[in-house]
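The values are calculated or read from the model by the stated rules, or taken from the named source; none is laboratory data. Everything numeric in this text was worked out from a predicted model, so none of it was measured. Every residue, glycine among them, receives a Cβ derived from its backbone with ideal geometry; neighbour counts consider all protein chains shown.
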Amino acid sequence: MKTARIIPVFLVLLLLPTIGATQVIWSRFPASVFLESSVETNGGALSISHPAALSGEDGFHLWYTLGVGTRRAIGYAASADGMYWEDFPDNPVLLDGRGSTWDGTFVSQPTVLHDGRQFRMWYTGHDGERTRIGYATSTDGIDWKKHAGNPALSEGESGAWDGNGVSSPAVLHDGRQFRMWYTGHDGERTRIGYATSADGIDWEKHAGNSVLSEGESGAWDGTRVSDPTVLYDGRRYRMWYSGNDGTQTRIGYATSADGISWEKPISTAVLEGNDGTWDGAGAGSPTVIQEGSTYRMWYSGNDGTQTRIGYAFSQLPGDIDGDGTISVSDAILILQYVVSLIDDFPIHALSVPKEMSTLPLYHVALPQVRAQAGQQVEVPVAIEDATGLYAGGLRVTYDPAVLQAVEATPRGLLNGSFWQANTDLPGEVRCAFLALEPLATGGNLFTLTFDVHSPIETQKTSLTLVEAAFNDGVSVNRQNGTVHLLPSTAHLLSSYPNPFNPKTTIQYVLPAEGAIRLYLYDTSGQVIRRLVEKEQTVGIHAVVWDGRDDAGRNVASGVYLSRLETSTNTATGKLLLVR
């Protein structure tokens, strides 16, 4: 047995030449990041391809296609950082079925999920004539048990779009069902299809397959599309896939609202090989995971002789819908603004059109909101009408003794825009955006999320919109906001006047909607006035007592007790009537 030997690679960030046309800005290692396999080749050509990555508390896991000569199996490696990998010394971890079984020629192209109990793998199997998709499980990701009822997904009927074989699955679980995107072949064309399953074993193909087809003749993906990898963020599906123009394989990108109807938002590949390097003859078969605002991609690269695995990543959190372009200089300027390296929004330096139809005045507002100690509050930044806006920068200040900004999230109005936000500045939030097309309607630009500190020593705190810079210095009307602070329980506020004659106003605050009762008592404990007895909403309320009892008679001078009762607590106060 050989011990795995790690190849050290120094990280040199190479911005791709297609930066102005990608959905995110990809940076990558200049060489293969993988390792020399521990498998004995006996003189055969070694290839390592088709990665499938997972990340967890214990680091990164990678399963991949391991080829020696004409044989293929599935190998495994582990990494602490996703860049430097150690091969499992007893690879491969999944072998072909040997003989006349459905996967008797080779197994390859894995995709893996972990459901909290076990690892689940779907993989391509080949019997010498057709490719089909199989299923296996493992408790540790190394010792795998194939499903007895394999294959889990077979080719379609003769003449179907996938009648000659199915392969390279990508599987997600959305909380209700498993979703699979896979490559289908009909003997002439290669496209991507879709299927669903309740258990990951019995699959139902989408009636409208295929869901992603090759591009037009002459396009970078005009000959075939294959090898999908898919992410879902709760709102949008993002697919990276292999595309081929008849000469070279590159990596493309598509988006979908439902996982079925896909759009290719840009007309070029998002990642391709560099001439004269390890991936100069082609780059494809991506696997992508997301960690916060960072995308990590591992992919297959070929130099014309050998196939290996490379690594790329993106750390720009822009492009909400995945169909945007942004120049590097614009991204840097916006980033400098939000991290406070420059004080004024750099509108004059951004690559936005100088001749545009804009409104003479824009109205931006922060609202009046209620918040409770120990909880979070969301504050939308709204614009009445955004017609003609291409770019903008916003600065909101607040009292850090009362609030702490934790997140700034772009809303639907900024779909397709590049954006940046910074909540780490003391007592200040900065947000900026750059749209690909002028905005055409009003709505919320961002939602700011704050932690509310406890205890509360004030009833309200201000949110100040100190800057709203749009387009080429157009006028902006700014409206500040207020966070009204609620206690965690119902509370009586100070009555005024007190002492009083002939009447006083009793104020109280409710942290939740519900039935309440506000009674007045004399010092002997007798009810003299039932002021409130009904359902009321969250917030501050007030009621006037005119010094009379329930019968309408004036009561004598003296001390009276106010008692506020809710379903969760009781609060009392004192009133002094002086006739």
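Key figures for this structure:
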quantity	calculated
Residue among E565, E533 that is loosely packed, with under 15 Cβ neighbours inside 10 Å, farther than 17 Å from Y496 by Cα and of a type in the set (D, E, K, R)	E533
Strands (runs of 3 or more DSSP E) (entirely within segment 96-148) containing at least 1 residues that are farther than 18 Å from A52 by Cα	119-126, 131-138
Index of the failed condition, R71 passing every other in (1) free of Cβ contacts under 8 Å to residues at least 60 places away in the same chain; (2) crowded, with 19+ Cβ neighbours inside 10 Å	(2)
Every residue from segment 452-471 that is in a strand (DSSP E or B), surrounded by 17 or more Cβ atoms within 10 Å (Cβ to Cβ) and at pLDDT below 95	V452, T461, E467, A468, A469, F470
Residue match in segment 328-351 (condition: surrounded by 16 or more Cβ atoms within 10 Å (Cβ to Cβ), in a strand (DSSP E or B) and at pLDDT below 85)	no
Candidates T268, T305, T247, filtered to the one that is touching a helix residue (DSSP H, G or I) at 6+ places or on another chain (Cβ under 6 Å) and assigned to a loop (DSSP other than H, G, I, E, B)	T268
Subset of segment 472-526 (residues that are at pLDDT 90 or above and among the β-branched types (V, I, T))	V476, T482, V483, T504, T505, I506, I516, T523
Failed item in (1) in contact with a Gly (Cβ under 6 Å, 6 or more places away or on another chain); (2) crowded, with 21+ Cβ neighbours inside 10 Å; (3) farther than 18 Å from R71 by Cβ; (4) not aromatic (F, W, Y), with G156 passing the rest	(2)
For T105: the one exception among (1) among the β-branched types (V, I, T); (2) buried (at least 19 other Cβ atoms within 10 Å of the Cβ); (3) closer than 24 Å to A198 by Cβ	(3)
Qualifying positions in segment 508-554 - of a type outside the set (A, V, I, L, M), farther than 14 Å from A490 by Cβ and in a loop (DSSP other than H, G, I, E, B)	D522, T523, S524, G525, Q526, D546, G547, D549, D550, G552, R553
Residues that are within 22 Å of L576 (Cβ to Cβ) and either among the aromatic types (F, W, Y) or within 49 Å of the chain's Cα centre (by Cα) (or both), drawn from segment 510-520	L518, Y519
Cβ pairs under 6 Å, 6+ apart, first in segment 386-404 and within 17 Å of E467 (Cβ to Cβ), second hydrophobic (A, V, I, L, M, F, W, C) and surrounded by fewer than 16 Cβ atoms within 10 Å (Cβ to Cβ)	R395/V466; T397/V466
Failed item, numbered, when R130 is tested on (1) among the charged types (D, E, K, R); (2) touching a strand residue (DSSP E or B) at 6+ places or on another chain (Cβ under 6 Å); (3) within 26 Å of V270 (Cβ to Cβ)	(3)
Filter result for A80 (closer than 24 Å to P151 by Cβ, hydrophobic (A, V, I, L, M, F, W, C) and touching a residue at least 12 places away in the same chain (Cβ under 8 Å))	no
